[in-house]
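Notes follow the structure.
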Amino acid sequence: MTRESPILRLIQNLTGNSGDMTFIQTRENDTLTIADRVRADFPILHREVHGKPLVYLDNAATSHKPHAVIHALEHYYSHYNSNVHRGVHTLSAEATDAYEGAREKIAKFVNAASSQEIIYTRNATEAINLVAYSWGLSNLQRGDEIILSVMEHHSNLIPWQLVAQKTGARLKFVQLTPEEEFDFGHYQSLVNEKTKLVSVVHVSNTLGCINPVKDIIALAHQYGAKVLIDACQSAPHMPLDVQDMDCDWLAVSGHKMCGPTGIGFLYGKLNLLRSMPPFLGGGEMIADVFLENATYADLPHKFEAGTPAIAEAIALGAAVDYLTNIGMDKIHAYEVELNTYLFEKLMQIPQIKIYGPKPPKERAALAAFTAGEVHPHDLSTMLDQAGIAIRAGHHCTQPLHRFIKAQSTARASLYFYNTKAEIDTFIASLLESIEFFDSIFS
Ligand code: 7TS
């Protein structure tokens with residue numbers, strides 16, 4: 001690239017190099033960051049994509065797994081593979097101990113009062129569906145109202161649409177402020193005696209806003225409504241305390257927080273979970289079974305029918321240990337710093353429009369954006385050629401995309417193993433791609 005252009009000048013300014021896109025200066029004298037210390041733990045971070053070092057910026061979709069988590073899976077299958085809660089033999093006892101031990105770790109991780117309040121599910125989606133089918137279908141009726149927000153992931157929208165269709169309850173939606181955040185004033189105007197449930201996302205996977213869940217919950221409780229928090233994008237990135245938050249339920253996916261796929265959890269207040277009917281029926285969830293009827297096991301097993309994802313649950317426990325050893329407060333602080341750096345760079349590019357609040361406002365370490373006329377899929381494809389993984393599309397928030405008047409967006413999402421050097425590489429490739437498409441369009 002030899003042609004002088006404003007974009008080229010921007011590349012030089014933003015990346016501090018001579019315009020040769022294959023060479024990006026890294027900061028050799030920086031003190032060690034969390035990323036410097038943990039990158040060796042993640043085998044996948046050392047692979048190449050299209051001959052370039054992988055720069056993985058799709059962490060909101062799923063995170064990578066450290067050796068400790070991969071080892072926990074391998075160790076279970078190699079040493080004590082066995083079903084849980086069923087046998088008295090050594091292998092089954094070891095598997096049961098590890099499986100229940102992981103539950104204790106998860107309970108501590110979110111500060112639940114008891115591990116009985118932690119129900120293993122496949123993911124956050126299943127956790128939300130559990131509440132919708134178990135609590136929703138037996139507690140909601142015509143005239144009742146469910147409050148969601150327009151920024152919900154489809155996982156926290158479709159289950160409630162299904163419940164509303166079956167029960168006659170009405171859905172209401174909190175809108176956005178002009179800064180594209182949760183409009184608390186609008187929420188206040190929606191809550192009333194008819195509100196039976198509020199189900200909202202803690203951190204939006206698209207806008208990156210951090211919603212005031214404590215205030216949202218406190219207000220709902222004044223009207224006797226229950227509150228479910230979708231913590232998919234908060235649990236991996238910041239300390240959570242369900243007792244302090246006072247949520248009735250909280251849904252989390254393990255794969256976004258260094259754990260394996262196929263495992264997540266639902267936190268629920270003990271008495272509330274006790275009052276709810278089973279979601280799925282089968283083995284594991286029963287006390288006494290007769291031909292015509294049955295009694296059910298106590299919590300948490302009442303909600304865990306069939307052979308569970310044993311290896312995955314144990315490995316999620318290893319992920320919780322891994323994150324806890326680093327410290328969730330430290331992870332959060334590092335991500336704030338990294339995100340500030342990302343936004344500083346992105347906001348200097350005139351073609352880029354970023355959605356959601358901007359730093360110094362507190363927000364999550366992700367940026368969903370459009371780049372003028374360039375289609376996000378084209379952008380993502382070009383970046384992939386440079387080894388950079390970002391997501392493009394509607395990120396399962398199609399109604400929100402309609403709201404912000406974008407058919408789709410590109411999204412870079414960070415985790416604690418990302419570095420400023422990777423952000424430099426991303427920005428340089430992004431500018432190069434914009435330059436390329438500008439030259440086609442003009
Ligand atoms: N809620 C939020 C806020 C999410 O971001 C996601 C996944 C889910 C629920 C569903 O998680 P699952 O593990 O049950 O599928 N979000 C994304 C994303 O942003 N890109 O890919 C998946």
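Tabulated results
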quantity	calculated
Residue order, fewest to most surrounding Cβ atoms within 10 angstrom, among 215, 288, 438	288, 215, 438
Positive dipole terminus of the chain, leading residue within 283, 137, 419 (C-beta point charges)	137
Helical mean residue ellipticity (222 nm; -39500 (n - 2.57) per DSSP H run of 4+; nearest 500) of the chain	-11000 deg cm²/dmol
Selected from 365, 315, 392 as most flexible by GNM, with the chain as the system and alpha-carbon contacts under 10 Å	392
Gain on full stretching of the segment that runs from residue 90 to residue 158 - 0.36 nm per residue minus C-alpha separation	20.2 nm
Highest-MSF residue in the chain out of 123, 59, 293 [GNM, Cα springs under 10 Å]	293
Calculated on alpha-carbon atoms, Rg and Dmax of segment 68-325 in Å	18.6, 61
Average projection area in nm² (convex hull over Cα atoms of segment 135-257, one quarter of hull surface)	7.3 nm²
Rounded to 5, the percent of DSSP beta bridges in the chain classed as antiparallel	60 percent
Total charge dipole magnitude, the chain, about the Cα centre, Cβ charges on Lys, Arg, Asp, Glu only, Debye to nearest 20	720 debye
Selected from 292, 179, 74 as most flexible by GNM, with the chain as the system and alpha-carbon contacts under 10 Å	292
Binned Cα-Cα distances of segment 236-357, short to long, each 5 Å bin given as a whole percent	2, 9, 13, 14, 15, 14, 10, 8, 6, 4, 3, 1, 1, 0
Charge dipole of segment 68-325 about the Cα centre (unit charges at C-beta), most positive-ward option of 234, 307, 160	160
Ellipsoid semi-axes in whole angstrom, largest first, where each is sqrt(5λ) of the Cα gyration tensor of the chain	40, 28, 17
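Taken together, the values in this text are just the output of simple stated rules run on the coordinates, not laboratory data. Just so we're clear, the structure is a prediction, and the values are computed from it rather than from any experiment. We place every Cβ from the backbone using ideal geometry, glycine too, and count neighbours over all the protein chains shown.
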